[in-house]
Amino acid sequence: MGGSTDVKETEYEKELAKVYAEEWGYYQENIVPFENQVIEDAKQANDESVYDDISENTNLGYKKSFSEASEGGLSNMKASGINPNSGKFKDAVSDMSDTEASVTSDAKSRSQVAGQERYVGKMSNVMAMGQGQSQEATATLSDIATSSQRKAFNDASNSRQQTDSVLGAAGAIAGAAGSYYKNLPDTKSLADMDNVIAGNPNAYGDGLAT
């Protein structure tokens, strides 16, 4: 009755412990560094310098796009014969500048929001990784820059089209007025017509005869 109470480890349990030890070693050597990298990347995504870079890239993109659009618009106005010192010319330049300032400010705000969403997505992946869940793709800084540049081009293009439309409408009105006055009889012709009417009371028909 005084026999040993120790339970000996079976060969199966020994092999199982060996497998667990190997898996734990692989996890520590290969997975943990990757997890740390993801966590560090998520932390850096919320650094102030990242948002400064996003804002600066957006600003540069808009300046480039609007500079090209403005140059094209100014060339069109000059080609249309609009005096660079005229109020129309100056108003068009002012409108383009106001539009650039407005849409650039809006775009910078949107890009900042995109940067925050990028950070939230990375932190969500850290949590998912800790729970053994799959990670979702998040936007890169390159994605944000590309999207911002595409919007800058569209905004600048729309601004130039609006300017061209206004100038085109003004030109059409001026052209119509010029055509109207061009087709009016000159002073000499009117005088000749008056002489004809004076000599022939029925020149305009019986209804106007005196």
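Collect the residues in segment 49-100 that are under 20 Å from Ser157 (Cβ atoms) and outside any helix (DSSP H, G or I), keeping them in residue-number order. Within segment 49-100, just Ser80 meets the criteria. Counting only residues that are over 19 Å from Val50 (Cα atoms) and of a type in the set (A, V, I, L, M, F, W, C), which one in segment 138-169 is most open to solvent (accessible area, probe 1.4 Å)? Checked segment 138-169; the qualifying residue most open to solvent (accessible area, probe 1.4 Å) is Phe153. Looking only at residues of segment 108-141 that are among the aliphatic types (A, V, I, L, M), in contact with a helix residue (DSSP H, G or I) (Cβ under 8 Å, 6 or more places away or on another chain) and not in a loop (DSSP other than H, G, I, E, B), we find that the one that is nearest to Ile31 (Cα to Cα) is Met129. Restricted to segment 123-177, and to residues that are modelled with pLDDT of 85 or more and of a type in the set (Asp, Glu), which residue is nearest to Val32 (Cα to Cα)? Only one residue fits best here, namely Asp143. Looking at segment 1-38, which of the residues that are modelled with pLDDT under 85 and closer than 15 Å to Lys122 by Cα is surrounded by the most Cβ atoms within 10 Å (Cβ to Cβ)? Taking the candidates together, the pick is Val38.
Okay, residues lined up against (1) farther than 24 Å from Ser147 by Cα; (2) free of Cβ contacts under 8 Å to residues at least 60 places away in the same chain; (3) aliphatic (A, V, I, L, M):
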{"position": "Tyr27", "(1), (2), (3)": "yes, yes, no"}
{"position": "Ile39", "(1), (2), (3)": "yes, no, yes"}
{"position": "Gln44", "(1), (2), (3)": "no, yes, no"}
{"position": "Asn59", "(1), (2), (3)": "no, yes, no"}
{"position": "Gly73", "(1), (2), (3)": "yes, no, no"}
{"position": "Ile82", "(1), (2), (3)": "yes, no, yes"}
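Just one of the listed residues (Lys64, Lys108) is open to solvent by 60 Å² or more (accessible area, probe 1.4 Å) and either aliphatic (A, V, I, L, M) or in contact (Cβ under 8 Å) with a residue 60 or more places away in the chain (or both), and it is Lys64.
The values are calculated or read from the model by the stated rules, or taken from the named source; none is laboratory data. Worth saying up front: this structure is predicted, and the values here are computed from it rather than measured. Don't worry about glycine lacking a Cβ; one is built from the backbone with ideal geometry, like all the others, and counts go over all protein chains shown. Side chains included, ligands, DNA and RNA excluded: accessible areas come from the protein's heavy atoms. Shrake-Rupley method; radii C 1.70, N 1.55, O 1.52, S 1.80 Å.
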